[in-house]
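Working notes for the structure below.
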Amino acid sequence: MSDPRSSGSQFSSEEFLARLIAREHEAVTSVVRAYTGQLLRTALGLGFDEPTGHELVQSAWVTFFDVLHRFEARSHVRTFLFGILYNKASELRRDHKRFDSKDPVEEVLESRFDSSGHWQVPPLDPEEFLMRVETAGVLEKCLEGLPMNQRMAFTLREVQELETAEVCQALEITGSNLGVLLYRARNRLRECIERKRGR
Amino acid sequence: MLSCKEVVEILSSETGGIDPHRQFSWMKRAGLRLHLMACRHCARYARQLRVLGDGARRLFERQGLDSAEKIERLERQVIEKVKKPD
């Protein structure tokens, strides 16, 4: 079983791609075995239940093979695959992937600082914060509140299956967009957790 | 001198990758470290982000725990579905 963290550049060679396009059995098997686990874990991480996660992953693979002839081997096969999963996940949640210029969390954050940039409403005690994060269901509930692009950015970054450049390519965003998405995701999550009552 | 608000922005938008737009000079990085040593609110904030990251990783691990068999089954289903018609 290949190392899931490998960039899989062998899969992007012209020769291998030709075999995939021809749906040659050995090639198909090796690429499906290389990435299905990661895809499923990501789908579950995005909050889909198991049956839906399975469907999403299958659907992503079917599309992958259907459009493979259009794939230009400038990025890795894995990146392409995750991009497809992301599109399907967004469709399923009826979530636009548009990068909004503003996000509600910005105003919330503003209110926590005074005009000179000092904390006005300081962060919650970390022990209390930790207790809430470890309370069953709290993190899941807070993740549910994230728009898909923020959730995908956070999930891919925290699970660390993909390198930053790959995350950007899969989401079709720049590195600086990614920074903004993570800023929004992390702060929304923090604010959500801080607002939950403890056990 | 970095304000707490700027520190929060820097910490929470960390992407872990190399982005030329976000390359910080060693001076700014040193300033960040100094601020975190001196400011207990920002130190708490940084700790919250770590707890959040760790919590998320543990959650994803738990979700993926008994998946090995299911993944194998899913792989077989996919291979069957996409294979060349005989």
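The values are calculated or read from the model by the stated rules, or taken from the named source; none is laboratory data. Fair warning: this is a prediction, and the values are worked out from it, not measured in the lab. In this analysis, Cβ positions are derived from the backbone assuming ideal geometry, glycine residues included, and neighbour counts consider all displayed protein chains.
Exactly one condition in (1) among the polar types (S, T, N, Q); (2) surrounded by 19 or more Cβ atoms within 10 Å (Cβ to Cβ); (3) more than 14 Å from chain B (Cβ to nearest Cβ) is false for A:Asn87; which is it?
It is condition (2) that A:Asn87 fails.
Hey, among the residues in the stretch A:18-54 that are of a type in the set (Asp, Glu) and in a helix (DSSP H, G or I), which one's farthest from the other protein chains (Cβ to nearest Cβ)?
A:Glu26
Of all the residues that make up the stretch B:2-22, how many are farther than 9 Å from A:Gly179 by Cα, in a loop (DSSP other than H, G, I, E, B) and at pLDDT 80 or above?
2
Out of A:Arg98, A:Arg132, I need the residue that is within 23 Å of B:Thr15 (Cα to Cα) and among the basic types (Lys, Arg). Which one?
Result of the check over A:Arg98, A:Arg132: A:Arg98.
Quick one: which helices (runs of 4 or more DSSP H) sit completely within the stretch A:113-199 and have at least 2 residues that are modelled with pLDDT of 95 or more and basic (Lys, Arg)?
Of the helices (runs of 4 or more DSSP H) lying wholly inside the stretch A:113-199, those with at least 2 residues that are modelled with pLDDT of 95 or more and basic (Lys, Arg) span A:175-195.
Against the condition within 14 Å of another protein chain (Cβ to nearest Cβ), in a helix (DSSP H, G or I) and free of Cβ contacts under 8 Å to residues at least 12 places away in the same chain, how does A:Val57 come out, does it pass?
For A:Val57, the condition - within 14 Å of another protein chain (Cβ to nearest Cβ), in a helix (DSSP H, G or I) and free of Cβ contacts under 8 Å to residues at least 12 places away in the same chain - is not met.
Pick from the stretch A:90-131 the residues that are of a type in the set (Phe, Trp, Tyr) and out of contact with any strand residue (DSSP E or B) (no Cβ under 8 Å at 6 or more places or on another chain): which of them is farthest from the other protein chains (Cβ to nearest Cβ)?
Checking each candidate, the answer is A:Phe99.
Which pairs turn up if I take residues in the stretch B:29-45 that are within 11 Å of chain A (Cβ to nearest Cβ) and look for partners that are polar (S, T, N, Q) and in a helix (DSSP H, G or I) with beta carbon separation below 9 Å, at least 6 apart in sequence or on another chain?
Partner pairs satisfying both residue conditions: B:Tyr45/B:Ser12.
Okay, residues lined up against (1) without any contact (Cβ under 8 Å) to a residue 60 or more places away in the chain; (2) more than 30 Å from B:Ala43 (Cβ to Cβ):
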{"residue": "A:Val77", "(1), (2)": "no, yes"}
{"residue": "A:Phe82", "(1), (2)": "no, yes"}
{"residue": "A:Lys88", "(1), (2)": "yes, yes"}
{"residue": "A:Gly117", "(1), (2)": "yes, no"}
{"residue": "A:Glu134", "(1), (2)": "yes, no"}
{"residue": "A:Glu140", "(1), (2)": "no, no"}
{"residue": "A:Leu143", "(1), (2)": "no, no"}
{"residue": "A:Arg151", "(1), (2)": "no, no"}
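Kindly indicate whether A:Val57 is at pLDDT 90 or above and within 24 Å of A:Lys97 (Cβ to Cβ).
For A:Val57, the condition - at pLDDT 90 or above and within 24 Å of A:Lys97 (Cβ to Cβ) - is met.
Please work out which residue is nearest to the other protein chains (Cβ to nearest Cβ), limiting yourself to the stretch A:168-180 and to residues that are touching a residue at least 60 places away in the same chain (Cβ under 8 Å) and of a type outside the set (Val, Ile, Thr).
A:Asn177
Among the listed residues A:Ala165, A:Ala136, identify the single one that is more than 9 Å from chain B (Cβ to nearest Cβ) and over 21 Å from A:Val105 (Cα atoms).
A:Ala136
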